There are 2 protein chains.
Amino acid sequence: MSASRFDPNFTQNVINAMGPKTSPRMREVMTSLITHLHDFAREVELTVDEWTEGVQLLNWAGQMSNEKRNEGQLVCDVVGLESLVDEITYKKASEAANLATQSAILGPFFRHDHPVREKGESISFNTPSDGVPVYMYGQVLDSVTKMPLANATIDVWEASTNGLYEQQDKDQVDCNLRGKFVTDKNGEYAFYCLRPTPYPIPYDGPAGKLLQLLDRHPYRPAHIHLIVLIEGYRPITTQIFDKDSNYLDDDSVFAVKDSLVVEFVPRKGDPQAKLELRYDILMAPIDKSE
Amino acid sequence: MSASRFDPNFTQNVINAMGPKTSPRMREVMTSLITHLHDFAREVELTVDEWTEGVQLLNWAGQMSNEKRNEGQLVCDVVGLESLVDEITYKKASEAANLATQSAILGPFFRHDHPVREKGESISFNTPSDGVPVYMYGQVLDSVTKMPLANATIDVWEASTNGLYEQQDKDQVDCNLRGKFVTDKNGEYAFYCLRPTPYPIPYDGPAGKLLQLLDRHPYRPAHIHLIVLIEGYRPITTQIFDKDSNYLDDDSVFAVKDSLVVEFVPRKGDPQAKLELRYDILMAPIDKSE
């Protein structure tokens, strides 16, 4: 600790300023955050000019953020923070319950208004010439009993082969490569999508600036986003990664986990898709006593 | 360290992602920042929901910031970060040079376009009925030789008695309580201003939200902001505090330092002001060898 050169009471004074009505959790979180922020500043002897640049970068992130884009989140992703809190949250949940499908970060391109589509429909409405259609299907299961779960909803979204999600790309129709499916009485879901391809995260804002300063590439390995929900079970937010993709070892947002890497295999006798992916999803029941 | 429950390699992987072209200082700063952010998240087992609230707060700060307001800075001020980097920067400078006037934080209300005013002019163009005019004067001196410094510029700004800076208040004329003065051949400056009064920092944004969550008041002790510049000397950004003010011991942004507390004394025979303040400013010469 390099605190000694500087006022040794400063950090404790800031912490002590918290009033008695601060919630215990807020107090715990802010005590640790203030301590680590101050230790960081002292450790590197952060200057006013450097701090000012940091503030400008964060303000810029807020200014670029809107309903369709979350640049503050993306800045966190670049320094691994979303992936870390995802790991922490998953670990806490899986210690309490049985082993469910591993989680992964939400990412900044989720929309709350995915349209509901019928089992077996396609989510690709502007299939590009280099797009490879895939039939994705599977079951949603109870992680303890392995019984199929009917009426689970699966939110799915992916980028097109140009690396853009539909809200980033005026040439894609609204909600292209995005949809919500409901499992049938056998817990089964199915849809057509595109084999995902690697893409760079948006490079025109503070997250891109940070990557530049850190001499890092902006690419993510090919992946499909999923959120699976059913009453009485822990929600799952995850991503599945194509085992043949580049960047599995150096994802720009550090989200890859081994258990989420999947293999697309040839599909026969289906004019709509040359590849298929069976992917079952294990949901952990919520313990009533929690 | 509570790292053991979680992937022990994660933080190092994020740090290792920095490429060879990262500048040495950037590498030093980001290695420490990433380490402390991750340690913080693990220490309190930060959840995805809590992190999401933090991102929303930071995005909100950026969205509220503009030419006249810097809410990202204000959020930092509330957790003591600006005051700490100010201390660090001042300490580094004063170790290299001679003891100059102590610095204090810039705060979010500085404007780059202060108008130049004549020595002896007033900066108060909308003096409120409860405003107490003050004649403030003094010399700018070399901290080593104590010789007066001509042609130093002094930027000054303060809030009115309603607690608002002119850019926050449509009832004040542009650049009210704000101006730039130049020292004469004797290094002297002088102007009329108002005795400062305590005020709350803006409470309508994320900084106010944070103060609420921390059960803290938003008040700052009465102060006047100064920036003093002259070629060949280290710039000084500081604030002076009224010794009779409330909140000297619990400034909401932690900026008070003992050496910056001043006393306003009665002034005789001047119909324009009942109080006066003599305040000399010591400027540290820049060492040519630095």
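The values are calculated or read from the model by the stated rules, or taken from the named source; none is laboratory data. What you are looking at is a predicted structure, and each value in this text was computed from that prediction instead of being measured. For neighbour counting, all protein chains shown are included, and Cβ atoms are generated from backbone atoms with ideal geometry for every residue, glycine included. When the accessible area is computed, the model is the full protein with side chains, heavy atoms only, and any ligands, DNA or RNA have been set aside. Shrake-Rupley method; radii C 1.70, N 1.55, O 1.52, S 1.80 Å.
Assorted remarks:
- For region A:145-166, the tally of residues that are of a type outside the set (Phe, Trp, Tyr) and within 26 Å of A:LEU248 (Cβ to Cβ) stands at 11.
- Within region B:87-103, the residues that satisfy the criterion of being within 7 Å of chain A (Cβ to nearest Cβ) and either at pLDDT below 90 or touching a Leu at 6+ places or on another chain (Cβ under 8 Å) (or both) are B:ILE88, B:THR89, B:LYS91, B:LYS92.
- Residue in region A:87-96 that is assigned to a helix (DSSP H, G or I), open to solvent by less than 10 Å² (accessible area, probe 1.4 Å), more than 19 Å from A:TYR279 (Cβ to Cβ) and not polar (S, T, N, Q) present: yes
- Qualifying residue in region B:253-263 (condition: surrounded by fewer than 15 Cβ atoms within 10 Å (Cβ to Cβ) and at pLDDT 95 or above): yes
- Pairing each residue of region A:240-259 that is over 19 Å from A:GLU82 (Cβ atoms) with any residue that is surrounded by fewer than 13 Cβ atoms within 10 Å (Cβ to Cβ), provided the two are 6+ apart or on different chains, yields C-beta distances under 9 Å for A:ASP242/A:GLU263; A:LYS243/A:GLU263; A:ASP244/A:GLU263.
- Test: residue in region A:110-123 that is farther than 18 Å from A:HIS223 by Cα and of a type in the set (Val, Ile, Thr): yes
- Pairs with Cβ under 7 Å, 6+ apart, first in region A:138-151 and farther than 19 Å from A:ASP287 by Cα, second of a type in the set (Asp, Glu): A:GLY138/A:ASP280; A:GLN139/A:GLU188; A:GLN139/A:ASP280; A:ALA150/A:ASP184
- Residue tally, condition crowded, with 19+ Cβ neighbours inside 10 Å and either more than 7 Å from chain A (Cβ to nearest Cβ) or within 21 Å of A:ILE105 (Cα to Cα) (or both), over region B:16-30: 1
- Some residue of region A:21-36 being touching a Phe, Trp or Tyr at 6+ places or on another chain (Cβ under 8 Å) and among the small types (Gly, Ala, Ser): yes
- The residue that is farthest from B:GLN56 (Cα to Cα), counting only those in region A:51-71 that are assigned to a helix (DSSP H, G or I) and among the acidic types (Asp, Glu), is A:GLU53.
- Considering region B:1-50, and only residues there that are of a type in the set (Lys, Arg) and in a helix (DSSP H, G or I), the residue that is farthest from A:PHE254 (Cα to Cα) turns out to be B:ARG25.
- Unmet criterion (only one of (1) farther than 16 Å from B:SER83 by Cα; (2) open to solvent by less than 40 Å² (accessible area, probe 1.4 Å)) for A:HIS36: (1)
- Any hit, region B:217-230, residues being in contact (Cβ under 8 Å) with a residue 40 or more places away in the chain and open to solvent by 50 Å² or more (accessible area, probe 1.4 Å): yes
- Of the criteria (1) in contact with a Gly (Cβ under 7 Å, 6 or more places away or on another chain); (2) closer than 21 Å to B:GLU87 by Cα, which one B:ARG278 fails: (2)
- Selection of region A:54-78 for residues being open to solvent by 20 Å² or more (accessible area, probe 1.4 Å), more than 7 Å from chain B (Cβ to nearest Cβ) and within 17 Å of B:THR31 (Cα to Cα) yields only A:GLY54.
- Number of the condition not met by A:ILE154 [criteria: (1) at pLDDT below 95; (2) under 21 Å from the mean Cα position of the chain (by Cα)]: (1)
- Members of region A:242-281 that are among the hydrophobic types (A, V, I, L, M, F, W, C) and in contact with a Lys or Arg (Cβ under 8 Å, 6 or more places away or on another chain): A:VAL253, A:ALA255, A:VAL261, A:VAL262, A:PHE264, A:ALA273, A:LEU275
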